[in-house]
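Notes follow the structure.
The values are calculated or read from the model by the stated rules, or taken from the named source; none is laboratory data. Since the structure is predicted, the reported quantities are computational estimates derived from the model, not experimental observations. Ideal geometry is used to build each Cβ from the backbone, glycine not excepted, and the neighbour counts take in all protein chains shown.
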Amino acid sequence: MISAFSFVDHLHGLGYSQYAGVPCSFLTSLINYVIDDPTVDYIGATSEGEAVGITFGAFLAGRKTVTMCQNSGLGNMVNPLTSLNYPFRVPTLLIVTWRGQPEVRDEPQHEQMGRIMRRLLETLEIPYLPFPAGETEIAQTLAEAEASMEQRKRPFALVMQKGSVAPQALSGRVEPESIKTDLRQNLSAKEKEQLTRTAAIELILDALAGDEAIIASTGKTGRELFTISDRANHLYVVGGMGTASAIAFGVAHALARQPVVVIDGDGAALMKLGVLATIGFYQPSNLLHIILDNEAHDSTGGQQTASEIVRFAAVAAAANYRSAFAVDRPEDIREAVRLLRYRPGPSLLHVKIRSGSPAKLGRPTVAPHEVKERFSQFLRSNAK
Ligand SMILES: Cc1ncc(C[n+]2csc(CCOP(=O)(O)OP(=O)(O)O)c2C)c(N)n1
C-alpha cells in the first residue's frame, strides 16, 4: 500500500498536472487526493470515453495527463483509445482498477471483465504494469511508464488492485456557479432555405476572428472544414465520434485565454450528450459549442437521428451553459457567432442545416499525428 501523496507527488515531479476520470471504489483514495490537491487538476467526467477526450484535449494544450477508470469503464474507452489516441499518437497514463480479479471475491458483474482485462489491454496494444504496491516501487514503475509513452507516444496502463492506496478523506468540492442562461430559440427557416453544412461552416469561419482553435467532429464536418481551408488552428477529429466536444473542453479548460470553437454534429452530440453536463459544471468561459444539425447521420448515408425532437439549446440551458441559441437563417447564424465569440461562455449554438455535401469531398491528407503537432504548435504560439 502506498500513500496518495507519494504517488501524485512523483507524478507532479514528472510534470503531470491533468487528471480526469470516473470513480471506482478502488480509486477513491487517489481521486479524493487529486480533487483536494491544489497543485493538480481533476475533472470528473460523465463517462470514461469522455475522460479520454478531456485528457486528449489537455495533452494538445501542453499538459501531461492521467486518466482513471474502473475496468468496467475500459469498454467505454475503447473507441477513443483506438480511433483517437492511436492515430493521433497521444499518450495518457491510464490507471485501471482490477475489479473481478480471479481468486479475489467480487461482484458477478465484474467477473468476466476481471478475467479478460489483461487480454483486452494486450489486444488494444496498451502496455501495462501493476500499480506500485510499495513506496519503493513508485519511481521505477513510473520511469517504465514514462519511457514507454515517450517512445510509443501512446497510452500506458497501471492496473490497480484493491487496497493499493491508503485511505484518503475527501474535503474539497467544486462549487459550480449556477447560471441563468440567455436562451434564444429562433428557428423559422423552411428546409430549402436552410444552409448546407459547407455553407454553414464557411459562414462560421467568416464570422469568427481567426485566432480560435477550431475542432471539427467526426465524418463530413472535418472533411468539409479541411476542404474549405486547412489551417494549423484546425483539428479534424477523424475518430472517437462524439468526443470532439470533450477534446474542446480539455483544451479550453487547460488554456483559459484561448478561444475554442467545436463544430459538432447532431449524431455525435447525442452519442455523448453527458459532456454538456461536464461543460456546464466546469464553465469554460472560452468555449463555443456549435452543433450543425441536419437531423441525420449524413456522413454515413443520411440515416435519421433523434435530433428532430431534441431542443439542443434548451438542453444546454438545462445543463448550465451561459448562452444557448438556436438559429437557422444565415444572418442569424452570423450574428450569433459574432456575439457568442466574444461573450463569456460556455455557449451553445444550435444551427439547423440541411443534409448533403459537395459531390467531390476531400479527406484530410495530413496524417492525424501531424494535424496534432500543428494544432499544439498553434496553441503554444497563440498562448504567448
Ligand atoms: C463510434 C462510431 N460509430 C459510428 C461511426 C461511423 N460514423 C462516422 S460519421 C457518422 C455520422 C455522424 O453524424 P452527425 O454527427 O450527425 O454528423 P453528420 O454526418 O450529419 O455531419 C457515423 C455514424 C464512427 N465513426 N464511430
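Tabulated values for the structure
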| read-out | value |
| --- | --- |
| Condition check for P330: away from the ligand (no atom under 15 Å from the Cβ) and more than 25 Å from the chain's Cα centre (by Cα) | yes |
| Count - residues of the range 347-384 that are outside any helix (DSSP H, G or I) and more than 19 Å from the chain's Cα centre (by Cα) | 19 |
| All positions within the range 200-232 that are of a type in the set (D, E, K, R), closer than 27 Å to N79 by Cβ and touching a Lys or Arg at 6+ places or on another chain (Cβ under 8 Å) | E212, K220, R223, E224 |
| Residue within the range 289-307 that is away from the ligand (no atom under 16 Å from the Cβ), assigned by TED's automatic domain parsing to the domain that holds P259, outside any strand (DSSP E or B) and surrounded by 19 or more Cβ atoms within 10 Å (Cβ to Cβ) present | no |
| One residue from A313, A296 being in contact with a His (Cβ under 7 Å, 6 or more places away or on another chain), of a type in the set (A, V, I, L, M) and modelled with pLDDT of 95 or more | A313 |
| Residue within the range 327-342 that is touching a His at 6+ places or on another chain (Cβ under 8 Å) and either under 17 Å from K272 (Cα atoms) or modelled with pLDDT of 95 or more (or both) present | yes |
| Those residues of the range 242-288 which are among the polar types (S, T, N, Q), under 15 Å from G53 (Cα atoms) and away from the ligand (no atom under 12 Å from the Cβ), in sequence order | T278 |
| Of all residues in the range 67-99 being of a type outside the set (A, V, I, L, M) and closer than 11 Å to I126 by Cβ, the one that is nearest to the ligand (Cβ to nearest atom) | T82 |
| Close pairs (7 angstrom Cβ cut-off, 6 or more residues apart or separate chains): closer than 18 Å to G222 by Cβ in the range 293-304, β-branched (V, I, T) anywhere | D293/V351; D293/I353; N294/I353; A296/T305; H297/T305 |
